[in-house]
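The values are calculated or read from the model by the stated rules, or taken from the named source; none is laboratory data. Source: prediction; values computed, not measured. Quick reminder, even Gly has a Cβ in these numbers, built from the backbone with ideal geometry, and neighbours come from all protein chains shown. Remember, those area values only see protein heavy atoms, side chains included, never the ligands or the DNA or RNA. Shrake-Rupley method; radii C 1.70, N 1.55, O 1.52, S 1.80 Å.
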Protein chains: 2
Amino acid sequence: MKEFVDRYKAELLENVMPFWVKNSNDNAHGGFFTCLERDGRVFDTDKFMWLQGRQVWTMSMLYNQVEQNETWKDMAIQGASFILKNGRDENGDWYFALDQAGKPLVQPHSIFSDCFASMGLGSLYKITGEDQYAQVAHDTFKRILERQTNPKGKYNKAYPDTRSLKGFSLPMILSNLSLELEHIVGTDTVENLIDQVIHEVMEVFYQADTGLIMESVHLDGSFSDTFEGRLVNPGHIIEAMWFMMDLADRRGDRTLMNKCVEIALRALEYGWDDKYEGILYFKDILNRPPQQLEWDQKLWWVHVEALVCMAKGYAYTGNEKCKVWFEKLDRYTFKHFADSAYGEWFGYLNRQGEPLLTLKGGKWKGCFHVPRALYTIYTVLEKVDDKKLLVK
Amino acid sequence: MKEFVDRYKAELLENVMPFWVKNSNDNAHGGFFTCLERDGRVFDTDKFMWLQGRQVWTMSMLYNQVEQNETWKDMAIQGASFILKNGRDENGDWYFALDQAGKPLVQPHSIFSDCFASMGLGSLYKITGEDQYAQVAHDTFKRILERQTNPKGKYNKAYPDTRSLKGFSLPMILSNLSLELEHIVGTDTVENLIDQVIHEVMEVFYQADTGLIMESVHLDGSFSDTFEGRLVNPGHIIEAMWFMMDLADRRGDRTLMNKCVEIALRALEYGWDDKYEGILYFKDILNRPPQQLEWDQKLWWVHVEALVCMAKGYAYTGNEKCKVWFEKLDRYTFKHFADSAYGEWFGYLNRQGEPLLTLKGGKWKGCFHVPRALYTIYTVLEKVDDKKLLVK
């Protein structure tokens, strides 16, 4: 897999990270610009908290894992200063969006703001040892666990008890977040949470009859024949499966590992668009019309997470189907998403594979999925040839 | 325009209304199914309040204006019974969604639920004289006016005062709703509201430099260089312009009428997709990437409201450009949206003009825009040849 290792590493270090270093620092107010045109020009100055926290994470993680690039560290520190100063309300909950100067724009209605803030601060703590980062990451993590049964708080518009569904997103993020914060929250907390999360994802949200994981289920795990209950997000399943593979690896659990690979392959086959290639964004499990008008689009994060998942699946199990899928996804993504002219990758393609928006970053796309995927893939594939990762 | 009159009337009475009569009555629980597949099969049983109120309106209005079809009246009455029994919370505010049996699913976060409920009940009152309908329509209208400065109430996620924008939707709907409820709320109320609404739409939201109306502006009417402030919804402008034309007609205000035609033509030219035809759903006034992933899609309501607007523009002013646009829109919509095989029209096309979803009704599309447009167009065009509508 040497060819891939070199190409993915070069893409990360020569094409993707330079784009963010060059274009995303807000030297006037702190924090990061994420709304960037194809060529890197800032087209909107709002600061979306998901992406502020994620960029702190990416910059810190790469400093820690790839090279001690002081620019990355400085950017992570300045981003953290901005969010620590401006990002929380009086309860310590994280706003969804701030304006350029840091004034709150949108109230804390999304607990994922909190997830990515703590993930970023936890990662920065690893490279600086500054107590403040650990403290806020820890406090935020505690609040996430307190809020997890009603993550939207007073902004929850569901009428109580008519239709109680639970969503797959939060357990999925927690499976990854707990590992990211183990150095802060401790191994006991992590192990307990892992037990819960594996159960939720692999038994409650997973549906044996279809072999897929649903976005929402009844509280008892049964299928809900509603818009929310019928929704399948193939990219979400595939991303969750590599989070789960890391847990299977940690526990040396070969049965769990094989199950993850099986579900990921099933989700890829299910989500693949035979007409135009690429992975569809949403499908309805009963083939009814989905609510999401963007259902047929091809999104960057779906495709890069699928690459990560197949790379890990192959590295952990040697399953040849993962290799075949990895190569197929690699051809599609580098042809359609990568942009060698200006750096970074396109985020949103139409069904036909043409850029629907030419932005490199926006409200939801920042310095996160692409660099994380490129880093993860090349480091995983480096170990494949000597079978270093195969679960015993 | 005789050819159009006959075709639009036949489309309404032979293709569109029979589809709703046949497929949308919920005989078990009352109210209407709106989630209907291409062939009319129910694919979801949730009851979305916008569409329940709108269908009561359409059925009552057609009974009143077109023919005394008892089935339409019976359906309007049963729909009204369902929403009166189940639709409101303890403040009299209308839920956003109910389940099939009428239990509340989604809290009253959208004041448009209230707008369409009162519009439906007001229309039904015209054909039944039942006081209850007038009473609830009146109470609801009062609550709408009370809530108009913060229509989302406690579900408003905007942080106070950082960026105060106001939206174009509510004044636009009020301009139409007040006329619909004049027999209930009285002419003084309507005249006062019309003064305000004409000012808001034609002076505050209208931007002289572009000749377009923005979706959101600062409280003083100035442009906001933000995602919300840059957003243009051409269909919205065009629909609003025929609401305004009706006000201009009511007042015999030729200057206002000509201004409406001018803005509508400008919005059509601005929104028209030169590559694939049809009207784009959203654009960014500064050509920056919009947030809306569905920006390039072609929606039924945009196109039928444009037909109405051009028919009215031509009837009211004789402007030949309106006739040319009407004919161009007529060719596009009948080719791409109408479905002679199963009745009603497709709702959502991709940019290329192919059905993106094959549903005939869903969470947002019901028995409203298509029948209202077909009825309005044929009755307006009937009067064109004798120039009956031309403003003096």
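For A:Gln55, are the conditions met, namely being more than 12 Å from chain B (Cβ to nearest Cβ), crowded, with 24+ Cβ neighbours inside 10 Å and either in contact with an Asp or Glu (Cβ under 7 Å, 6 or more places away or on another chain) or outside any loop (DSSP other than H, G, I, E, B) (or both)?
yes
Quick check on the stretch A:301-321: of everything there that is outside any loop (DSSP other than H, G, I, E, B) and open to solvent by 10 Å² or more (accessible area, probe 1.4 Å), which residue is nearest to the other protein chains (Cβ to nearest Cβ)?
A:Trp301
Quick check on my filter: what residues within the stretch B:247-261 are crowded, with 16+ Cβ neighbours inside 10 Å and not hydrophobic (A, V, I, L, M, F, W, C)?
Hits for the stretch B:247-261 are B:Asp249, B:Asp253, B:Asn258, B:Lys259.
Of all residues in the stretch B:141-154, how many are on the phi < 0 side of the Ramachandran plot and surrounded by fewer than 18 Cβ atoms within 10 Å (Cβ to Cβ)?
Number of matching residues: 9.
Of B:Leu62, B:Leu84, B:Leu105, B:Leu13, which residue is within 14 Å of chain A (Cβ to nearest Cβ) and among the hydrophobic types (A, V, I, L, M, F, W, C)?
The unique qualifying residue is B:Leu105.
For B:Gly186, indicate whether it is open to solvent by less than 20 Å² (accessible area, probe 1.4 Å) and over 16 Å from B:Met245 (Cα atoms).
It is false that B:Gly186 is open to solvent by less than 20 Å² (accessible area, probe 1.4 Å) and over 16 Å from B:Met245 (Cα atoms).
Return the pair list, or none, for Cβ contacts closer than 9 Å from residues in the stretch B:240-253 that are touching a residue at least 12 places away in the same chain (Cβ under 8 Å) to residues that are open to solvent by 60 Å² or more (accessible area, probe 1.4 Å) and outside any helix (DSSP H, G or I), at least 6 apart or on different chains.
Here the result reads B:Gly252/B:Lys392, each pair linking the stretch B:240-253 to a residue that is open to solvent by 60 Å² or more (accessible area, probe 1.4 Å) and outside any helix (DSSP H, G or I).
Out of the stretch A:337-392, which residues are in contact with a Pro (Cβ under 8 Å, 6 or more places away or on another chain) and within 14 Å of chain B (Cβ to nearest Cβ)?
Matches in the stretch A:337-392: A:Phe346, A:Tyr348, A:Leu349, A:Leu357, A:Thr358, A:Leu359, A:Gly362.
Name the single residue that is nearest to the other protein chains (Cβ to nearest Cβ) among those in the stretch B:147-203 being touching a Pro at 6+ places or on another chain (Cβ under 8 Å) and farther than 24 Å from A:Phe48 by Cα.
Filtering the stretch B:147-203 for residues that are touching a Pro at 6+ places or on another chain (Cβ under 8 Å) and farther than 24 Å from A:Phe48 by Cα, the one nearest to the other protein chains (Cβ to nearest Cβ) comes out as B:Leu170.
For the stretch B:101-159, name all the residues that are without any contact (Cβ under 8 Å) to a residue 60 or more places away in the chain, farther than 17 Å from B:Ser175 by Cβ and part of a loop (DSSP other than H, G, I, E, B).
B:Lys103, B:Gln107, B:Pro108, B:His109, B:Gly129, B:Glu130, B:Thr149, B:Asn150, B:Lys152, B:Asn156, B:Lys157, B:Tyr159
Name the pairs: first residue in the stretch A:176-195 and of a type outside the set (A, V, I, L, M), second residue open to solvent by 30 Å² or more (accessible area, probe 1.4 Å), Cβ to Cβ under 7 Å, at least 6 apart or on different chains?
Hits for this filter: A:His183/A:Lys126.
Is it the case that A:Ser118 is of a type in the set (Ser, Thr, Tyr), within 14 Å of another protein chain (Cβ to nearest Cβ) and open to solvent by less than 10 Å² (accessible area, probe 1.4 Å)?
no
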